[in-house]
Each structure stands twice: as C-alpha cells, then as structure tokens.
Amino acid sequence: MSQDLKETNELIQQRIEKIKNLKEKGVDPYPIRFFPDSDSASLIEMYSKTPTGPEKKFLLGGRLHSKRVMGKASFAHLKDKSGVIQLYATRDDLGEENYTLFKSLDLGDLIGIEGYLFQTQKGETTLHLTSVTLLAKCVRPLPVVKEKDGVIYDAFADVEQRYRMRYVDLVVNDHVRETFITRSRIVSEIRNFLTSEGFLEVETPMMQPIAGGAAARPFVTHHNTLDMQLFLRIAPELYLKRLIVGGLDRVFELNRNFRNEGISTKHNPEFTMMEAYMAYGDMGKMLELTEKLITTVAQKICGTLKIKYGNDLVDLSPPWRRVKYVDIIKEYSGIDFSQVKTLEEAKEKASSVKVDASKCTSIWKVADEVFSEKAEPNLIQPVFVTDYPKELSPLAKSNPENPGYVERFEPYIVGREIGNAFSELNDPFDQKERFEDQVKQREAGDDEAFMMDEDYIRALEYGMPPTGGLGIGIDRLVMLLTNSQSIRDTILFPLMRPE
C-alpha cells in the first residue's frame, strides 16, 4: 500500500469515528433540511454597496474550504455555488458545544451557517457566525494541491480519474464547473434562437426498429414484451422528416444519439445532437441558418466573435469561407478526385500523399480518407465545405447541374466538423434506389451503411415539400466555445471502462 493511500484510509477512519461520536451525542450528521437564503457572491457584492450590522443575519450552505483554529476564535472559508466567503467563529458567540463542533469539522464538510457581515482590518468581507450545523460529513478527503519533496503536484490531475469521479472534479476544479454551466447556457441559447426563428421543439424515439439517418454502427437492444430487436438511435433525421410530411413545417430536436464506434478526443459513443428541418428550405437556407445560429450563440456566450481556442485565434465573423469538397481536397493534397477514373488510380494517388486507403471500396471513400487526413486538420478558421459526392450522401438532393454531387455542406472550425446539412431528398423513388444501394454495401460488409426503411419511403410517397435539414454536434460546439480540447471535457459523465 502506498503512503498516500495509507494516509487517506487513516483519514477516512478518523472521519467515520467523528460521525459515531456525533451520533452518540444525539447529533444527526445528515439532518433532513436546511434552507439558505443567500450565497457568498451576492453577500459580498451587497455589503460593498450597503453595509449591514449585527441585526441583519444571513443563512448560507456550502463546503468548508479552509479552516484556521486559534484557541477561542477561528477563521475559515465557505465555498458555495457562487464563490468563497470568509467566516469568523468564536466560542463566545457559538457556545462551547457549537464551537467544539466547528473545530472538529473537516475540509469538504457540507455545513449550514448563520451569521452577520463585517469587514476585517484587511478589508475582507466576513461572516461572523452565530450558529453552525453539519449538513453532510465529507467522509473521503477531497484531493488537494500538495507539495512533496519540493515538488507541487495536483492530487486530482489524472484525467481518467476526473472523468470517472466527475462529482469530485466539479467540487475541486472551478473551471470544470464553469464549463458545464456554460454548456447549459449554450443549449438554452440554441433553443431560444431556433424558437425565435419559428422552429417547434419536438421529441422522437430513441429506441428504433431500424437504425437510420446516418452512416454509423448502432447499439442493439431487445424489447422483452414485444419480443423484438431495437436499436438505440444513431440520428433522429428520418423521424423529424416524417413530421415535415405531416405538416409541421419547422421542427428541431436536442437530444442524445448513440453510435457504437471508437472513442477519441472528438468522439464519444453517446453524444448530443441538434437537428432542425425547414420545409421550403434548401442547403442555402440551412447554411444561412447555421452561420447565424453559431455566431449569435457565440456572441452571447463569449461576448465576441473572435475567440481563443488552444493556440489559435478563431474569427467567427460572417461571412464564412465556402469551398467545394473536391477543391478543398485538391488545395491540401494536390489531388483532383473529380478527374480520377478508377479505384486503383485513387488508391495510388492517396498513397502518393502518404494516406493509406487500401481498404477503401470506392473512389469517393478514398477521397474521404484523403480529406480527413490532409484537409480537415487545416480547417481552423470557419469554412463551409460544400457539394459532396452523391455516394457519400444518401439522403441529400442531387445538384441539378451536376447530378454526381449533392447539395450538402459541412461547417468546419478548429479542424473539426461541427455539423452537416443538405437539401433533403424528397423523391421516394430516388430514395428507395439509394437505400437499396446502401443495403448492398451492408451485405458486402459495410456495417455502417444505411438499412432499408420502408415506412420512411411510404411517408415520402405522401409528399414532402422541398426541405432543408441541419445537424449540429452540441458537444463539439461546446468544445469550441469553452476552449476544451477533448469532447469528454464537455460531457458530464463520458463512457468509461469499468474500474
């Protein structure tokens, strides 16, 4: 057993003994209720403007952040949701029993306090305690920054541990808590924006009999009563477009998707997506909507459209650059895939720029490998990549002037795809042919290809107006607006391998 672990176990045992002692004295270390009427930040701000005296008392709840006992008087700090405030406790004001309780408190204990404000000689706004209540004992000591052998280290710096024990991460790391508060604000601003644009928020099934709406490997489950196989949804797209058929002209959904794929700084198997569909819209309308949505949200969250991300200064000011898919690949690799005639030629050209495309089964899948490795990492400033090949876009409308390509775009910022949008395919006959082609790819071994969805074809046969569709990855947008380098930094409880 390491020395650190031994010390931790000893501290835990000491705190358990304190709980036993309190119970023996008739004190409940986990009382049923306490109702704060203030928080530290608002008290400090209020006192700076309108000082109050001993006659005005306040109730606060939070964790004991520090403690310095000096005989009959002690100083401490309380940390709550808004910040930290200094506490002053004396035996004369609290009484012998309450002061003894205060002195026995450990860092991290949740306490309820009552007191009045004053200012110390050093000018620090402080709460003079008149009562203290233990609300919940912190049995396990919180990790702290320590000095050992002349080296300062963070006892909770291991990211795997932080993701696994997010509840501790939120307690000890203020920046983590701020990230998730900001995430909540981002989601609220997206909702506000889309509602103001006339979109209706809806909910669609998360368990689906057919996994559709994206090229991805699904998670499989089973419904016992119906005795049927179901899939956790990989996208809400096909259900949302059914609503367009039904006459709900502008709809959006903010919810979870599940894809049985790899884990990286950009991918988590469970992630949040916003998808929106606009009847009588197209790729152009969705491009305008995307640019307006992201810049509006960024301005409200960050207060500027020039934001720092890592070592880059990203300028989100519109209009964003627009470039065709084949042109951006040519720009960064020198390969013009619109002129490539055979799969072998495509693989040879990919190999010439050190991209391994040996397992690819078509020219455009080779192109996509080259795009991912050569172009994508360089797309730091916002850019709309447009006009994707039809083969890579089974749900998008073909470009009337060039049917081998579709009306689709993806916005890229800081080397990452932020979303996907296109003029939606509403021809049931064309859609069926594309599904059939996808089924052939599945039968050939591509387990990310689309499944046949006969009911969706039937819905299109009732008629869907020309429609624009958009999907934005919320986690990646949050990464951008909070300067987070990993998607797991923006997900409260990312999937982890069991301990």
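Before moving on, here are some points about what is shown:
- Looking across segment 472-483, the residues that are open to solvent by less than 10 Å² (accessible area, probe 1.4 Å) and either at pLDDT below 95 or over 9 Å from the mean Cα position of the chain (by Cα) (or both) come down to Ile472, Leu480.
- Members of segment 442-454 that are surrounded by fewer than 22 Cβ atoms within 10 Å (Cβ to Cβ) and touching a residue at least 40 places away in the same chain (Cβ under 8 Å): Ala444, Asp446, Asp447, Glu448, Ala449, Met451, Met452, Asp453
- Residue match in segment 168-182 (condition: open to solvent by 40 Å² or more (accessible area, probe 1.4 Å), among the hydroxyl-bearing types (Ser, Thr, Tyr) and modelled with pLDDT of 90 or more): no
- Per the conditions (1) part of a helix (DSSP H, G or I); (2) in contact with a Phe, Trp or Tyr (Cβ under 9 Å, 6 or more places away or on another chain); (3) open to solvent by less than 50 Å² (accessible area, probe 1.4 Å), the sole criterion not satisfied by Arg191 is (3).
- Any pair with Cβ under 8 angstrom, 6 or more apart, that starts in segment 44-73 at a residue that is in contact (Cβ under 8 Å) with a residue 60 or more places away in the chain and among the β-branched types (Val, Ile, Thr) and ends at one that is assigned to a strand (DSSP E or B) and open to solvent by less than 90 Å² (accessible area, probe 1.4 Å): Ile44/Ile85; Ile44/Thr125; Thr52/Tyr116; Thr52/Leu117
Matching residues to (1) over 26 Å from Met206 (Cα atoms); (2) open to solvent by less than 30 Å² (accessible area, probe 1.4 Å); (3) charged (D, E, K, R):
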site: Glu275; (1), (2), (3): no, yes, yes
site: Ala279; (1), (2), (3): no, yes, no
site: Met286; (1), (2), (3): no, yes, no
site: Asp312; (1), (2), (3): yes, no, yes
site: Asp315; (1), (2), (3): yes, no, yes
site: Lys324; (1), (2), (3): yes, no, yes
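- Tally of residues being among the basic types (Lys, Arg) and over 14 Å from Pro218 (Cβ atoms) across segment 441-468: 1
- Residue in segment 112-132 that is in contact (Cβ under 8 Å) with a residue 60 or more places away in the chain, open to solvent by 60 Å² or more (accessible area, probe 1.4 Å) and out of contact with any Leu (no Cβ under 6 Å at 6 or more places or on another chain) present: yes
- Unmet criterion (only one of (1) open to solvent by less than 60 Å² (accessible area, probe 1.4 Å); (2) under 20 Å from the mean Cα position of the chain (by Cα)) for Val202: (2)
- Restricting Ile457, Ile472 to residues that are in contact with a strand residue (DSSP E or B) (Cβ under 6 Å, 6 or more places away or on another chain) and among the β-branched types (Val, Ile, Thr) narrows the list to Ile472.
The values are calculated or read from the model by the stated rules, or taken from the named source; none is laboratory data. Fair warning: this is a prediction, and the values are worked out from it, not measured in the lab. With ideal geometry, Cβ positions are generated from the backbone for all residues, glycine too; neighbour counts draw on all protein chains shown. Side chains included, ligands, DNA and RNA excluded: accessible areas come from the protein's heavy atoms. Shrake-Rupley method; radii C 1.70, N 1.55, O 1.52, S 1.80 Å.
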